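This report concerns only the one structure given below.
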Amino acid sequence: MLKKYYSKYIECGTDEAGRGCLAGPVTAAAVILPPTFENKLLNDSKKLSLKNRILLRKIIIENAVDYAIANVSVEIIEKINILNASILAMNLAIEKLKTKPEFIIVDGNKFKSKNKIPYRCIVKGDSKYMSIAAASILAKTSRDHYMIDLSKEYPHYHWDVNKGYPTKKHKKIILEKGITKYHRKTFKLN
C-alpha cells in the first residue's frame, strides 16, 4: 500500500515520463491529492496495464485537489540535456498548479526547486507515495497521447506503439529513413 504523505504540509508529488526516449518531449506532472484519497490500484505507471493507467488518469483528474502537466521540447532537451529538461518539466508543472504546495516530493534522486519550495527526492517514489504515483500516471498517459498524435504526422516510426522509446523496430526505421525534427539528436539513435 502506498503512503499518503511524506510531510504534514500541502504536498505535491511530481514525476516525469520520456527520459529514455529517442523522440518527443519529456513530460512531467505535479499532483496534490486530498487527504481522503484512496485507491488500491494506484501504483507506479510502469507497473500498470494501459487499461488501468487510463482508468486511474480519470480518477486522479476528478479527485485531485490540483494537478498540472508540462512538456519540455526536443529543442530544449538538446540545449540543456535530458536531466535538466526533466527537472525543468517538473518545475513547470509545479508552477502551473493553482494551489501552491508547501512541500514537494520528487521521484528520483535529482531535483532543483525553482520556486524555493522545500522538497525531498525519493528514489522509486512512484511506487512509495500516492501523489508521485498519480503524477507518474498523468505524465505517462499525457506523453503517450502526444506521441500517438505525432505518429499521424510520421507513421513510419510507429510512435503510436513505441512512444518514441528505443525499440529494435524504431532504431531500424531510423537507419532506413533518417531522423525527424522530433528526434533527439544528442541521443544515440542507432
query: Filtering the range 17-39 down to residues that are loosely packed, with under 14 Cβ neighbours inside 10 Å and touching a residue at least 24 places away in the same chain (Cβ under 8 Å), which residue is nearest to K185 (Cα to Cα)?
result: G20
Scope the range 49-63; condition touching a helix residue (DSSP H, G or I) at 6+ places or on another chain (Cβ under 7 Å) and either polar (S, T, N, Q) or over 14 Å from D144 (Cα atoms) (or both); matching residues: L56, I60
- prompt: How many residues does the range 1-16 hold that are of a type in the set (A, V, I, L, M) and either surrounded by 24 or more Cβ atoms within 10 Å (Cβ to Cβ) or farther than 14 Å from F103 by Cβ (or both)?
  reply: 2
field: Conditions (1) touching a helix residue (DSSP H, G or I) at 6+ places or on another chain (Cβ under 7 Å); (2) at pLDDT 95 or above; number of the one not met by D44
entry: (2)
The range 1-39, subset in contact with a Gly (Cβ under 6 Å, 6 or more places away or on another chain) and not in a loop (DSSP other than H, G, I, E, B), residue farthest from I60 (Cα to Cα): A23
query: Residue check, I61 against (1) within 19 Å of G20 (Cα to Cα); (2) outside any loop (DSSP other than H, G, I, E, B), all met but one. Which one?
result: (1)
statement: Going through the range 81-122 in order, the residues found to be surrounded by fewer than 14 Cβ atoms within 10 Å (Cβ to Cβ), out of contact with any Lys or Arg (no Cβ under 9 Å at 6 or more places or on another chain) and under 30 Å from K185 (Cβ atoms) are N81, N109, K110, K112, K114
statement: Pairs returned, first residue in the range 58-81 that is closer than 16 Å to G13 by Cα, second residue that is surrounded by 15 or more Cβ atoms within 10 Å (Cβ to Cβ) and of a type in the set (S, T, Y), beta-carbon separation under 7 angstrom, 6 or more apart or interchain, are I60/Y67; I61/Y67; I69/T27; I69/S142
message: Given (1) of a type outside the set (D, E); (2) outside any helix (DSSP H, G or I); (3) out of contact with any strand residue (DSSP E or B) (no Cβ under 8 Å at 6 or more places or on another chain), identify the lone condition not met by N84.
response: (2)
- request: Look through the range 166-187, keep the residues that are touching a Phe, Trp or Tyr at 6+ places or on another chain (Cβ under 9 Å), touching a residue at least 40 places away in the same chain (Cβ under 8 Å) and not hydrophobic (A, V, I, L, M, F, W, C), and return whichever of them is farthest from D44 (Cα to Cα).
  value: T180
Some residue of the range 134-152 being in contact with a helix residue (DSSP H, G or I) (Cβ under 6 Å, 6 or more places away or on another chain), within 26 Å of L42 (Cα to Cα), surrounded by fewer than 19 Cβ atoms within 10 Å (Cβ to Cβ) and at pLDDT 95 or above: yes
Of all residues making up the range 118-139, the number that are within 15 Å of A30 (Cβ to Cβ) and polar (S, T, N, Q): 2
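The values are calculated or read from the model by the stated rules, or taken from the named source; none is laboratory data. Everything numeric in this text was worked out from a predicted model, so none of it was measured. Backbone-built Cβ (ideal geometry, glycine too); neighbour counts: all protein chains shown.
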